[in-house]
Amino acid sequence: MEQDRLDEIGLTPTERNRSVATNGRAELSGAAVKRPRITDALTRTFFEEWARVGYSALSLDAVARKAGVGKAALYRRWRSKADMARDLVSQLTVTVPGRIESGDRGSLEADLYAMGLAGRRLMRHPLVRRIMPDLYAAMEREPALAQALRPSEAASQKKVKTLIDRAVARGELPADVDRSLATDLAVGPLYWRLVVLGERCTRQQLKTLARMTAAAIAASA
């Protein structure tokens, strides 16, 4: 029984032996520290399981088992599936390559193309492609997920609006351009093609998309 309890708190074999040898009682003051290696394993497995079975069928017991970690180690970090999702979902766009790039390329079309390349790297990642649609569906049932995602969405929207501001400063767009609509035009088509339809987007297609999007934003103004 003591060995089983030590397994559940996620101790290494050396720590288990040391604890069992101490009159059968576990000295957890140092052993119960949340080790980054265990947190990383749980995070990775959580996203992998989410991508595999979807949020509604996701089991924290399965996450702990497949991560090779005791359940107690997981529940020391997160109280529930919703708590774990809220904590980790904001990390989704920074745990995979391809965040939106915001360097000045000299024109709105060139900026949109660079952003498209970065967005393509992000949305081609297998975890992102499978989790994102399910995430937005789960948000309807778990409003806290929407709240957790807002900081990441706000950061991405701010970067896109920076591209629009630069285009205004160059004289490519008028100052009263609808920045919210422009953001939708800049982000939506690529997401639709890669994530919703599951199709590819070549560099040439990205260039065409950037040119069409720049023209659409200018026309909307």
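Computed across region 165-221, the Kirkwood hydrodynamic radius from all distinct Cα-Cα pairs reaches 12.1 Å.
The calculated FRET efficiency for Asp87 paired with Lys161, based on their beta-carbon distance and R0 = 25 Å, is about 0.35. Counting neighbouring beta carbons within 10 Å and listing from fewest to most, the residues Met212, Met84 come out as Met212, Met84.
For Val196 and Arg35, a Förster radius of 35 Å and the Cβ-Cβ distance give a FRET efficiency of 0.35, rounded to the nearest 0.05.
Take the Cβ atoms of Leu181 and Arg141, set R0 to 41 Å, and the FRET efficiency comes out at 0.90.
Cut-off is 10 Å between beta-carbons; in what order do Tyr55, Tyr191 appear when sorted fewest neighbours first?
On the way: Tyr55 20, Tyr191 15.
Going from least to most buried by this count: Tyr191, Tyr55.
3J(HN,Hα) along region 70-81: x, 4, 5, 5, 5, 6, 5, 8, 9, 7, 7, 5 Hz, from the Karplus curve 6.51 cos²θ - 1.76 cosθ + 1.60 with θ = phi - 60°, whole Hz, x for Gly and Pro. Residues Val195, Val128 in ascending order of nearby Cβ atoms (within 10 Å, fewest first): Val195, Val128. Is region 92-220 rounded, prolate or oblate when judged by the Cα gyration tensor, a ≥ b ≥ c being the square roots of its eigenvalues, rounded requiring a/c under 1.5 and prolate requiring a/b larger than b/c? Since a/c reaches 1.5 and a/b is larger than b/c, the shape of region 92-220 is classed as prolate.
Readers should treat all values here as calculations from the given coordinates under stated rules, not as data from a laboratory. Source: prediction; values computed, not measured. We place every Cβ from the backbone using ideal geometry, glycine too, and count neighbours over all the protein chains shown.
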